[in-house]
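K.L.:
To start, I am sharing the structure in question, which I have written as structure tokens.
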Amino acid sequence: MLVVMKPHATEPEIEAVVEKIRSLGLMAHPIPGAQRVAIGITGNKGGLEPELFTTLPGVADAIRVSQPFKLVSREVKEEDTVIDVGGVPLGGSALTVMAGPCSVESKEQLLAAAHAVKKTGARFLRGGAFKPRTSPYEFQGLGEEALKLLALAREETGLKVVTEVMDVETLPMVADYADVLQIGARNMQNYSLLKYLGTIRKPILLKRGPSATIKEWLMAAEYIVSRGNYQVALCERGIRTFETMTRNTLDLNAVPLLKALTHLPVIVDPSHGIGLRAHVAAMARAGVAAGADGIIVEVHPRPEKALSDGQQSLTPAEFDELMRQVRVIAGAIGRAV
Ligand code: PEP
Ligand code: MN
């Protein structure tokens, strides 16, 4: 249920509603809006009577939320969520650009990539320290050494750091270094990890599972948000289909659908989505045209030498060209970059 306060409801009136919700053994989630505050209620097993709340001072209405993903739905919050990552917006009207190597491999590699993507207009640096590889014999990431290099790159460039966290054990360490925690596709339904992420106060980039439906993905986001961490962005990175000529099938249907269903920012990952360097720019353009709030792109100073995902990583020059094209598309739909 969503309790909608009157536009001029006072703090004590809002607090009284929150107290009432808690006294029923439920969780209250105040959601500030441009016009008024709303308070989401979770934890109830059956339906609640609206009169429990509509009789309280300052309350305009109490509405049943029809979607199973309650707090992330547009029904409870009409305005787009814009996450403030230390002064840099993630989501919102200006396009969010995240770029960098698949894996952090060395100081030289990371700093070269960071300076290059910064020059081209990215505000977030991506780079994996802990890598979820399909084969146990492949490069697994440099771990904490990579996190230290990401921190150094942030210091040199001012870029915010996005990096993957794979498990609850390493989460405190990764959270110490990262500005945004990436949850990889393989972990989208790792519910113990999602529950833990709900208790911390770090922005989360939740990638879509390779075979997750849009509803399952939104429910995964709800796991995090319902525990009190409201800073979640979604990342479409391609799903597994019968097609074998591309690495995944980038599901751009998801973009307009998500923009209608949820207030969370939607980022598109064309690199993992198609998996082929020659076509990453086209899918980045398509993602932006479909209405994504941002893109995340793999860029490597020497893709042919990359320890992971070289086949889909762009050179800095290719990334420059991608951004030139993306700026044209963004401009055409009234978005700044
Ligand atoms: C990555 O971003 O390098 C990555 C491993 O992505 P995904 O979890 O989408 O496969
Ligand atoms: Mn990768």
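The values are calculated or read from the model by the stated rules, or taken from the named source; none is laboratory data. What you see is a predicted model; the values in this text were computed from it and never measured. Virtual Cβ from ideal backbone geometry, glycine too; neighbours counted across all protein chains shown.
K.L.:
Give the number of residues within segment 178-189 that are without any contact (Cβ under 8 Å) to a residue 40 or more places away in the chain and either touching a strand residue (DSSP E or B) at 6+ places or on another chain (Cβ under 8 Å) or not assigned by TED's automatic domain parsing to the domain that holds Val255 (or both).
P.N.:
Residues that pass the stated criteria total 4.
K.L.:
Are there strands (runs of 3 or more DSSP E) fully within segment 84-152 with at least 1 residues that are more than 16 Å from ligand 1 (Cβ to nearest atom) and without any contact (Cβ under 8 Å) to a residue 24 or more places away in the chain? List them.
P.N.:
Fully inside segment 84-152 and qualifying: 88-90.
K.L.:
Can Gly198 be described as more than 16 Å from ligand 1 (Cβ to nearest atom) and surrounded by fewer than 22 Cβ atoms within 10 Å (Cβ to Cβ)?
P.N.:
Yes: the conditions hold for Gly198.
K.L.:
Which one of these is part of a helix (DSSP H, G or I) and surrounded by 14 or more Cβ atoms within 10 Å (Cβ to Cβ): Val76, Val3, Val17?
P.N.:
Val17
K.L.:
Hey, can you tell me all the residues within segment 245-295 that are closer than 15 Å to Ala233 by Cα, within 16 Å of ligand 1 (Cβ to nearest atom) and among the small types (Gly, Ala, Ser)?
P.N.:
Listed by number, the residues that qualify are Ala254, Ala292, Gly294.
K.L.:
Give the residue that is nearest to ligand 2 (Cβ to nearest atom), with candidates limited to residues of segment 273-295 that are closer than 24 Å to Glu222 by Cα and not small (Gly, Ala, Ser).
P.N.:
Within segment 273-295, the match that is nearest to ligand 2 (Cβ to nearest atom) is Ile295.
K.L.:
Has segment 144-167 got any residue that is more than 22 Å from Pro89 (Cβ to Cβ), more than 16 Å from the chain's Cα centre (by Cα) and within 15 Å of ligand 2 (Cβ to nearest atom)?
P.N.:
yes
K.L.:
Within the bounds of segment 188-195, is there any residue that is touching a Lys or Arg at 6+ places or on another chain (Cβ under 8 Å), at pLDDT 95 or above and of a type outside the set (Val, Ile, Thr)?
P.N.:
yes
K.L.:
Of all residues in segment 127-171, how many are aromatic (Phe, Trp, Tyr) and either surrounded by fewer than 14 Cβ atoms within 10 Å (Cβ to Cβ) or closer than 24 Å to Tyr191 by Cα (or both)?
P.N.:
Pass one, segment 127-171, residues aromatic (Phe, Trp, Tyr): 130, 137, 139.
Narrowing further to those that are either surrounded by fewer than 14 Cβ atoms within 10 Å (Cβ to Cβ) or closer than 24 Å to Tyr191 by Cα (or both): 130, 137.
Of the residues in that region, 2 qualify.
K.L.:
Of the numbered conditions (1) on the phi > 0 side of the Ramachandran plot; (2) within 29 Å of the chain's Cα centre (by Cα), Gly58 fails exactly one; give the number of that condition.
P.N.:
Evaluating Gly58 over (1) on the phi > 0 side of the Ramachandran plot; (2) within 29 Å of the chain's Cα centre (by Cα) leaves (2) as the failure.
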